[in-house]
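Just so you know, all these numbers are worked out from the coordinates, no wet-lab data involved. Remember, predicted model here, so these are calculated numbers, not experimental data. With ideal geometry, Cβ positions are generated from the backbone for all residues, glycine too; neighbour counts draw on all protein chains shown.
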Amino acid sequence: MRRGAIGIGTLIVFIAMVLVAAVAAGVLIATSGYLQQKAMATGRQTTQEVASGIKVMNVYGYINGTVPAGSNITRLVIYVSPNAGSTGVDLAHVKIVISDGKKMAVYRYYDPEEDAGLQATYFHYTGDLPDVFAYNLSLEPYGATTITGYVTVNSASDVWQNLYYAYKNSTKLLFGVAVVQDGDGSLKDVNNPTLTWGDIAAIMIWLMPFDNDNTYSDGSFGFMPSTKVIGKVIPENGAAGVIDFTTPSTYTDNIMELQ
């Protein structure tokens, strides 16, 4: 009887150990499966972040005036393209941050939830682009009091006018999009112009927030000579494009390559 009791006790302990081991194994298997899926998801996200993104190809500045040395850079055009291997970059979700060391401005594209009464078509141009800086010089930078509303976009000049009017009437810091190269037509969507591989877009920006006296009445806004400018073109996902240049010490031409 005593031997039998010892055997039954040993059997109970053995069964308990097996059950504990089975439960532990189940927990380990479930945990390892979760960790594996989590690692795969993290890997995909990391790959997307590394591979995706936007790059700044060139930055050009425009100086209004028959004597460039007597004026500031009042407009920028930033040529952008997606990184190699990047997924599509929706310019509607891109933010552009620019700083001259004294002020910082954040520009965005048209947002239907925030820009009531506007249309994305006011800031989007897909036609021929012989001169992305084309604009009625009599309206720049301060004679724009003759602008009474938004115009239908038929040229890059119309985009500049609408951008100016948007800021003049509601201080909206918006950028325009002019299509330079678009093989698959992905940039033609006015509300969500998307950069895909091989596409090039020109982002159009007024520099009105950068003004020492905040009046803009004397046409002094913009970047003065020898100004250090930094910034980023930030997509919704992926690496940001870098803006980093110093304006020339003397302005000799109306259009100047800055980066």
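Under 16 Å Cα-Cα from Lys103, which aspartates and glutamates qualify once same-chain neighbours fewer than 8 residues away are excluded?
Once the sequence-local aspartates and glutamates are set aside, what remains near Lys103 is Asp211, Asp213, Asp244.
Along the range 74-89, what does the Karplus equation 6.51 cos²θ - 1.76 cosθ + 1.60 (θ = phi - 60°) give for ³J(HN,Hα), rounded to whole Hz, x for Gly and Pro?
Ordered by residue, 3J(HN,Hα) equals 9, 9, 10, 10, 10, 8, 10, 8, x, 5, 4, x, 6, 6, x, 10 Hz.
What is the order of Leu19, Leu187, fewest Cβ neighbours within 10 Å to most? Before the final figure, lay out the partial values.
Values: Leu19 10, Leu187 24.
Listing Leu19, Leu187 from fewest to most nearby Cβ atoms yields Leu19, Leu187.
Can you sort Met17, Met104, Met256, Met204 by how many other beta carbons sit within 10 Å, fewest first?
Ordered by Cβ neighbours within 10 Å, fewest first: Met17, Met104, Met256, Met204.
Determine which aspartates and glutamates satisfy two conditions relative to Lys172: a Cα distance under 14 Å, and not lying fewer than 8 residues away in the same chain.
The qualifying aspartates and glutamates are Asp111, Glu113, Glu114, Asp115.
Taking Rg and Dmax of the Cα atoms in Å straight from the coordinates, which label in (1) 18.8, 63; (2) 18.7, 59; (3) 28.9, 116 is the correct one?
Checked against the structure: label (3).
Which length gain, in nm to one decimal place, applies between Asn169 and Ile29 when the Cα-Cα distance is subtracted from 0.36 nm times their residue separation?
Stretched fully, the Asn169-Ile29 segment lengthens by 44.2 nm.
Using 10 Å bins from zero, what percent of all Cα-Cα pairs in the range 100-183 falls into each bin?
16, 48, 31, 5, 0
Mind giving me the nanometre distance, one decimal, between the label points for Glu257 and Asn58, set 7 Å out from Cα along Cα→Cβ?
0.6
Please report Ile63, Ile234 as a ranked list, fewest other C-beta atoms within 10 angstrom at the top and most at the bottom.
Lowest to highest Cβ neighbour count: Ile234, Ile63.
Taking the range 59-120, how much of its Cα-Cα pair set, in percent, is spaced more than 13 angstrom apart?
On the way: 1451 of 1891 pairs.
The calculated P(r) of the range 59-120 puts 77 percent of pairs beyond 13 Å.
Could you calculate the contour length gain from Glu114 to Thr152, that is, 0.36 nm times the residue separation minus the distance between their Cα atoms, to one decimal place in nm?
Between Glu114 and Thr152, full extension yields an extra 11.6 nm.
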